[in-house]
1. Using a 1.4 Å probe, how large is the accessible area of His90, given in Å² and rounded to the nearest 10?
2. May I ask for the percentage of alpha-carbon pairs in the chain that lie more than 21 Å from each other?
3. Nearest 5 is fine: what % of DSSP beta bridges in the chain come out antiparallel, could you say?
4. Give me the accessible area per residue for the chain, probe 1.4 Å, as a whole number in Å².
5. Given a 1.4 angstrom probe, I'd like the percentage of the accessible area of the chain that is carbon and sulfur, rounded to a whole number.
6. What is the diffusion coefficient of the range 1-42 in µm²/s, taking the Kirkwood radius over Cα pairs and the Stokes-Einstein relation at 25 °C with a viscosity of 0.890 mPa s?
7. Counting Lys and Arg as +1 and Asp and Glu as -1, each charge on the Cβ, what is the dipole of the chain about the Cα centre in debye, to the nearest 20?
8. Which whole-number percent is the relative contact order of the chain (Cα, under 8 Å, 6+ apart)?
Amino acid sequence: MSQPAGQKIKKGAGNLTLELVPNPDILAYVASLPNPPFCVGFAAESENLAEYAEQKRRTKKLPLLVGNLAQHAIGSDDNELILFDDSGSHILPRAGKLTLARQLLQYIVQRYEGAGK
């Protein structure tokens with residue numbers, strides 16, 4: 001919040017307005033360190049997944065970004081992930097979320113070991 005109140009805000013006749021400020025981008029900071037650890041980003045988008053996810057990966061200089069369409073994942077027992085890296089995009093087809101988590105970890109381990117970290 002941009003201007004926190006010093007005490008409880010009492011009910012009144014007027015409307016209350018809440019102004020939010022962005023949090024620091026911790027992932028971008030860590031990925032930009034002189035000798036960064038292997039960083040993986042996540043992008044839950046509602047549209048233009050490939051465009052927005054790849055843009056985010058390149059802007060933050062990430063070796064791997066995991067993307068999905070939020071409207072297909074929230075409230076569902078399954079999902080589909082698209083992995084973005086320097087060699088392009090790779091789909092992890094629709095499956096249960098636990099199965100996808102295991103597949104994603106396997107992919108991360110392979111990429112991590114290949115990166116020599």
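The values are calculated or read from the model by the stated rules, or taken from the named source; none is laboratory data. Everything numeric in this text was worked out from a predicted model, so none of it was measured. Glycine also receives a Cβ, built like all others from the backbone with ideal geometry; neighbour counts cover every protein chain displayed. Remember, those area values only see protein heavy atoms, side chains included, never the ligands or the DNA or RNA. Shrake-Rupley method; radii C 1.70, N 1.55, O 1.52, S 1.80 Å.
1. About 60 Å², rounded to the nearest 10.
2. Roughly 51 percent, once rounded to a whole number.
3. Taking every DSSP beta bridge with both residues in the chain, the antiparallel ones total about 60 percent.
4. Ligands and nucleic acids excluded, the result is 73 Å² per residue.
5. Ligands and nucleic acids excluded, carbon and sulfur give 55 percent.
6. Details: Rh = 14.2 Å.
For these conditions, the coefficient is 173 µm²/s.
7. Working: 13 positive and 12 negative charges, 105 e Å.
Computed about the Cα centre, the dipole is about 500 debye.
8. Relative CO of the chain lands at 16 percent.
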